[in-house]
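Just so you know, all these numbers are worked out from the coordinates, no wet-lab data involved. The structure displayed is predicted, hence computed values, not measured ones. Don't worry about glycine lacking a Cβ; one is built from the backbone with ideal geometry, like all the others, and counts go over all protein chains shown.
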Amino acid sequence: MKFETVIYETLNSVATISFNRPEVRNSFNAQMTADVLSALTLAEEDKKIRCVVLTGKGLGFSAGADLSARDSVWENTEQALIQGYMPSLKKIMNMPKPVISAINGAAAGIGSAYAMACDLTVMAEDAYILQAFSNIGLIPDGGANWFLTNTVGYKLAYQIAIEGERLGASKCLELGLVNKIVPKDQLLDSAQEWGVRLSERSPLSLRHTKEVMRSALSSNYDEVFKLEAKIQNNIFGSPDNIEGIKAFIEKRPPNFK
């Protein structure tokens, strides 16, 4: 399927969704919010796809919102955020398949929110994450306050938000905002290869681990424990569980369906 502002490609079990407005550093307009949601939905519904990679074409991941765009379909910023951006960000967080962000250059503003919303992140050595909102009298949005606070803690998150400092790859790795750093020319291959490796693991396990860990961000210990117990009971004896045990006994790689 072709989209106006993103490129959707599949290779075996991995779908790659690329922001494709390189002339404006992949900044978001209304069309792009719609295209990203449609592409993510396509990947989620395709049973052959087990992992999704999100990246940007050209020099960067995304520079954030396109402040010069004239295609807005919303009456105000609140509508744009809730009706435009939130559905695709929630889709990343809630879909049962792992989503890997591959940050190639700047991930700024709401672009950084998309990078942080993903389950895993690979970052190019020269890439960076930026919250520049305080420079223009605004606050981080797209859930960036939540992502930052839950990842690095309140004090560091507040500092990052109000100082507007570029967080280079090494700093992002140190803070736990990304999982891996690779040379820029290896970024996409690295993310896609990671996706292939994850696709060989139990889809049932990946899906429910994501479900429980996402829930853990807003739950207490007892609630998480009980959710684990419920899910473990439901998937015990499943085809994935049986195949995994059989493969272990037979000393071979499992073949999960």
Original post:
So, by mean Cβ neighbours within 10 angstrom, what's the order for 37-43, 216-222, 182-188 with the highest one leading?
Top reply: 37-43, 182-188, 216-222
Subject >> Segment residue 213-residue 23, length gained on full extension (0.36 nm per residue, minus Cα span) >> reply: 64.7 nm
**OP:** Would you be so kind as to identify which of 131, 100, 30 lies farthest towards the positive end of the dipole of the chain, taking Lys and Arg as +1 and Asp and Glu as -1 on Cβ and the Cα centre as origin?
**Re:** 100
Original post:
Over all pairs of distinct alpha carbons, what does the Kirkwood formula give as the hydrodynamic radius of region 203-250, in Å?
Top reply: 11.7
Original post:
What FRET efficiency would be calculated for the residue pair residue 230, residue 255, taking the C-beta separation as r and a Förster radius of 22 Å, to the nearest 0.05?
Top reply: 0.20
Original post:
When only DSSP loop residues count, what chymotrypsin sites (Phe, Trp or Tyr not before Pro) in region 15-89 have their Cβ near at most 14 other Cβ atoms within 10 Å?
Top reply: 74
Original post:
For region 1-100, what is the Kirkwood hydrodynamic radius in Å, using each pair of distinct C-alpha atoms?
Top reply: 13.8
**OP:** Anything over 18 Å Cα to Cα? Flag those among 230/257; 90/210; 97/257, in the order listed.
**Re:** 230/257
Subject >> Three semi-axes of the equivalent ellipsoid, region 102-146, Cα gyration tensor, whole Å, largest first >> reply: 19, 13, 6
Original post:
Where both partners of a DSSP beta bridge lie in region 106-257, what percent of those bridges are antiparallel, to the nearest 5?
Top reply: 25
Original post:
Based on the alpha carbon coordinates of the chain, what radius of gyration and maximum Cα-Cα distance (Dmax) apply, in Å?
Top reply: 18.8, 62
**OP:** Throw me the Rg/Rh for region 106-196, computed over C-alpha atoms with Kirkwood Rh, two decimals.
**Re:** 0.97
**OP:** Compute the label zone of residue 90 within region 210-231: residues whose backbone N is under 18 Å from the point 7 Å along Cα-to-Cβ.
**Re:** 211-212, 214-219
**OP:** Pick out, in residue order, every one of the trypsin sites (Lys or Arg not before Pro) in region 68-103 that is DSSP loop and has at most 10 other C-beta atoms within 10 Å; say none if there are none.
**Re:** 70
Subject >> Proportion of all alpha-carbon pairs of region 50-171 beyond 24 Å (%) >> reply: 24
Original post:
Pulled fully out, how much extra length does the chain show between residue 67 and residue 243, if you take 0.36 nm times their separation in residues and subtract their Cα-Cα distance?
Top reply: 58.2 nm
Original post:
Length gain on complete extension for the stretch residue 48 to residue 170, per 0.36 nm per residue less the alpha carbon to alpha carbon distance?
Top reply: 40.5 nm
Original post:
About the Cα centre of the chain, what is the dipole size in debye to 20, counting +1 per Lys and Arg Cβ and -1 per Asp and Glu Cβ, all else neutral?
Top reply: 700
Original post:
If you find the alpha carbon centre of region 198-216 and of region 9-38, how far apart are they in angstrom?
Top reply: 24
Original post:
Taking the simple approach of a point 7 Å from Cα along Cα-to-Cβ for both residue 139 and residue 158, what is their distance in nm?
Top reply: 1.3
